[in-house]
Ligand code: NDP
Ligand code: MG
């Protein structure tokens, strides 16, 4: 029996993870579930999965949760705040951590899981984008097992040789091909992008996801963050990572080899597949996802990405090439700009403009020396972004 902590249990990835776990009660028990403010949802999850600990964002939320759990007769211990998130991520009762908090808020607890040497299922791409080498060092030094949940990276992981991590540059890998659906605005007239609403931006054609990543998919910043994520996970330089538009989201990504072979992983667009893969790795377990019906699909389309339509993708490649703290600054500016767009304070086309200007203003450091200096860069980038938006 393996103990699991889910950071971000009430989110889209958290709920899909619990759906998979519920199919395998003989393999997994839930040690801790965390949320930020959705107390009622977390209480219902506690009732079903009986974790030892539940963590929320504030003292007030913790009080509300304790009250509900008491009414239900549950004995789950309730905690709040970042230190409690880090504690449940590193707890000895937990073997596996699903890192599914959205954004930079997930950095410290995800790092705590790496530092405690856990089997770490990484959905929270922003944590890796921000901290890069620092994160990979924490994984390696502490003997953690890092498994990608992002569908593209999970696909690439499945298409790489098993011993890839140990000898990264000796496997005849030519290129990593990240597929991208192109989001809801792939074919919409560029002149009209100024007027899109948050509702239109979060309506992804193939995936049901949280609001932030849905907007990232519409700007294609999500793919940009994934290029950076692929760089750190697989040790490939920016020049070896390509983005291919594939509107059906059936091929989740590919690896091309020097002999001309291209390996792909296919499946219905449902996050329970990569979640089940990483949970059971190297075994395979049932995920609840329908098998793929290729004859019904009939066609798979591909195209090159249009960097003029999606300037965020270009900004992300530039940040990766710049290195150091540039990806952290890009990520912070993006988080603020996306929230401002969701709050209807800026238009859709302002998102990339805010990020570009913040990248031009914040003094980028050439290496990420420690978490504190990283958090300081994150803070400065957020301040610049707020100032621009105001
Ligand atoms: P959601 O917005 O659906 O869920 C986010 C989760 O994080 C919720 O449990 C939320 O709690 C919690 N949370 C939010 N803010 C904080 C905070 N400040 N401190 C602690 N916890 C917080 O996001 P998704 O599930 O869509 O995405 C989660 C991560 O996975 C993201 O990094 C995303 O990029 C990545 N990912 C998601 C995919 C998807 O299909 N959804 C695919 C690939 C990657 P509460 O509910 O209380 O607000
Ligand atoms: Mg993805």
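Every number here is computed from the coordinates shown, using simple stated rules; none is lab data. As the structure is a prediction and not an experimental result, all values here were calculated from the model. Here the Cβ is made from the backbone with ideal geometry for all residues, glycine too, and neighbour counts use every protein chain on show.
Can you compute the FRET efficiency between residue 314 and residue 171 using 1/(1 + (r/R0)^6), with r the Cβ-Cβ distance and R0 = 25 Å? Round to the nearest 0.05. Efficiency, rounded to the nearest 0.05: 0.30. Cα-based values for the chain, radius of gyration first and Dmax second, are 20.3, 63 Å. Taking only Cα atoms and a 10 Å spring cutoff, compute GNM fluctuations for the chain and point out the largest among 240, 71, 265. In the Gaussian network model the winner is 71. Using a simple spin-label model with pseudo-atoms 7 Å out from Cα toward Cβ, residue 298 and residue 19 lie 2.7 nm apart.
In this structure, residue 38 and residue 343 have a Cβ-Cβ separation that, at R0 = 22 Å, corresponds to a calculated FRET efficiency of about 0.75.
What number, in percent, do you get for the relative contact order of the chain if the mean sequence gap of Cα pairs under 8 Å and at least 6 apart is divided by its residue count?
With pairs under 8 Å counted, the relative contact order is 15 percent.
Fewest-first ordering of 16, 369, 256 by other beta carbons within 10 Å of each residue's beta carbon gives 369, 256, 16. With 0.36 nm allotted per residue and the present C-alpha distance subtracted, the residue 268-residue 353 stretch has 27.2 nm of extension available.
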